[in-house]
Amino acid sequence: MNTISPVLEAKQISKKFQKVQAVKSLNLSVYPGEIFGLLGPNGAGKTTTLEILEGLQVPDTGEIFMKGLDIRKHLQEIRKFSGIQLQSTSIYEKIRVKEVLDLFSSYYKVSTSSDDLIAKVSLQEKSRSLVKTLSGGQKQRLALALAMVHDPEILFLDEPTTGLDPQARRNIWQIILDLKSQGKTILLTTHYMDEAEQLCDRIAIMDAGEIKLIGTPAELIKQLPVEATIRVNLLEPILPFPTLPGIAEIKEEGKYIKLGTRDLTQTLRALLTLPESISQKINFHDLQISRSTLEDLFIYLTGKQLRE
Ligand code: ADP
Ligand code: MG
């Protein structure tokens with residue numbers, strides 16, 4: 001991937017508000033066609049970073065290039081191929097869905113028809129409805145459509161699914177994946193680790209204005225000492241519990257033993273082929289495996305929960 005030039009490149013960007021250093025010397029490259037996620041808790045600096053990249057806020061230091069253009073000099077040009085969905089889009093409420101799309105389209109020389117946009121975000125039945133009558137998920141889809149009116153190559157989405165129910169979140173995910181399949185580049189922020197894991201090709205884990213790690217979801221999980229935890233229910237104590245291959249840690253919890261493994265396949269194979277004298281003491285009906293998640297990684301990196 002790195003032989004291709006990044007569509008967006010940020011070098012050493014920083015931003016301070018009074019006493020809060022919201023963004024600290026952050027470096028970031030986003031490549032064409034990828035969904036890149038900034039994942040972090042509230043206050044991590046995600047919105048500030050995104051707004052700096054969008055040219056909506058001026059950083060104290062650093063430079064940003066989009067398609068090789070310096071945003072300090074070429075913002076007008078950059079606006080033509082980038083689309084922005086703000087974290088809390090306050091769309092004028094006494095206007096109808098199709099009308100607001102037509103209004104936004106009129107700002108651009110080249111734009112997609114409002115009917116096409118309405119279809120893309122599945123708001124056909126709401127096309128004549130007032131914005132204020134839309135549900136949270138429908139408003140969020142309208143905000144996405146508004147970011148898409150000029151058919152931008154790069155889309156910035158700030159917490160596109162925050163506050164939505166699971167079905168509405170999935171609808172938004174589908175729209176984002178459709179955009180990716182059309183070759184768009186998407187930079188989004190989220191504090192949902194499942195969203196980052198499901199949608200993003202690469203993720204930057206952010207906390208207190210800094211990027212702690214960048215990688216694909218699989219690369220990130222590999223940074224943890226434990227790939228998965230196997231919970232074994234003991235019918236009788238097994239003392240000592242045999243040291244199985246791959247095991248990084250063993251914890252006792254009442255009648256359970258928790259085996260943290262760095263190689264799930266290897267450890268499971270060994271567990272299932274223990275000699276009968278040992279295996280008869282294990283209740284295999286109650287064997288549980290939980291794979292490590294980005295949430296575990298976040299706690300490991302920062303000592304904090306992702307959602308506070
Ligand atoms: P996130 O989007 O990850 O929740 P933000 O970028 O909104 O984080 O905020 C990062 C930090 O900067 C927070 O501590 C926030 O309170 C502070 N902050 C953001 N915008 C402003 C502002 N306009 N004035 C003062 N402080 C701000
Ligand atoms: Mg935010």
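The values are calculated or read from the model by the stated rules, or taken from the named source; none is laboratory data. Since this is a predicted model, take the numbers as computed values, not measurements. Please note: Cβ atoms are built from the backbone with ideal geometry, for glycine as well, and neighbour counts cover all protein chains shown. These accessible areas exclude ligands, DNA and RNA; they are computed on the full protein's heavy atoms, side chains included. Shrake-Rupley method; radii C 1.70, N 1.55, O 1.52, S 1.80 Å.
Checked against the criterion of being open to solvent by 60 Å² or more (accessible area, probe 1.4 Å), under 25 Å from the mean Cα position of the chain (by Cα) and in contact (Cβ under 8 Å) with a residue 24 or more places away in the chain, the candidates LEU86, LEU28 yield just one match: LEU86. Taken across segment 111-122, residues that are buried (at least 19 other Cβ atoms within 10 Å of the Cβ), part of a loop (DSSP other than H, G, I, E, B), under 24 Å from the mean Cα position of the chain (by Cα) and among the aliphatic types (A, V, I, L, M) do occur, with at least one present. Against the definition (open to solvent by 10 Å² or more (accessible area, probe 1.4 Å), within 16 Å of ligand 1 (Cβ to nearest atom) and of a type outside the set (A, V, I, L, M)), how does TYR108 come out, yes or no? So TYR108 does not fit the description; no.
Could you list, in sequence order, all residues of segment 150-174 that are crowded, with 18+ Cβ neighbours inside 10 Å, without any contact (Cβ under 8 Å) to a residue 60 or more places away in the chain and in contact with a Leu (Cβ under 8 Å, 6 or more places away or on another chain)? Answer for segment 150-174, where residues must be crowded, with 18+ Cβ neighbours inside 10 Å, without any contact (Cβ under 8 Å) to a residue 60 or more places away in the chain and in contact with a Leu (Cβ under 8 Å, 6 or more places away or on another chain): just ILE172. With the condition kept exactly as written, say whether any residue in segment 185-196 is on the phi > 0 side of the Ramachandran plot, within 14 Å of ligand 1 (Cβ to nearest atom) and touching a strand residue (DSSP E or B) at 6+ places or on another chain (Cβ under 7 Å). No: zero hits.
Condition check ((1) more than 11 Å from the chain's Cα centre (by Cα); (2) within 19 Å of VAL23 (Cβ to Cβ)) across all residues:
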site	(1), (2)
ILE176	yes, no
LEU179	yes, no
THR185	yes, no
THR189	no, yes
ASP194	no, no
GLU197	no, no
CYS200	no, no
ILE203	no, yes
GLU210	yes, yes
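Just to be sure I understand, how many residues within segment 1-51 are of a type in the set (Lys, Arg), in contact with a Ser or Thr (Cβ under 8 Å, 6 or more places away or on another chain) and not in a strand (DSSP E or B)? Result for segment 1-51: 1. For segment 41-60, the candidate set comprises residues that are among the acidic types (Asp, Glu) and within 16 Å of ligand 2 (Cβ to nearest atom); within that set, the residue that is surrounded by the fewest Cβ atoms within 10 Å (Cβ to Cβ) is GLU51.
GLU63 meets all of the listed conditions (1) within 16 Å of ligand 2 (Cβ to nearest atom); (2) open to solvent by 30 Å² or more (accessible area, probe 1.4 Å); (3) part of a strand (DSSP E or B) but one, namely (1). Against the numbered list (1) within 16 Å of ligand 2 (Cβ to nearest atom); (2) open to solvent by 10 Å² or more (accessible area, probe 1.4 Å); (3) at negative phi, LEU38 comes up short only at (2). Of the helices (runs of 4 or more DSSP H) contained entirely in segment 203-308, those carrying at least 2 residues that are open to solvent by 70 Å² or more (accessible area, probe 1.4 Å) fall at 264-272, 276-279.
Being in contact with a helix residue (DSSP H, G or I) (Cβ under 6 Å, 6 or more places away or on another chain) and within 16 Å of ligand 2 (Cβ to nearest atom), is that true of even one residue in segment 164-175? Scanning segment 164-175, I find at least one residue that is in contact with a helix residue (DSSP H, G or I) (Cβ under 6 Å, 6 or more places away or on another chain) and within 16 Å of ligand 2 (Cβ to nearest atom), so the answer is yes. Note on segment 176-192: residues that are within 20 Å of GLN138 (Cβ to Cβ), part of a helix (DSSP H, G or I) and open to solvent by 10 Å² or more (accessible area, probe 1.4 Å) amount to 2. Remark: pairs (first residue in segment 289-306, in contact (Cβ under 8 Å) with a residue 12 or more places away in the chain; second residue open to solvent by 70 Å² or more (accessible area, probe 1.4 Å) and in a loop (DSSP other than H, G, I, E, B); Cβ separation under 7 Å; 6+ apart in sequence or on different chains) = LEU297/GLN223.
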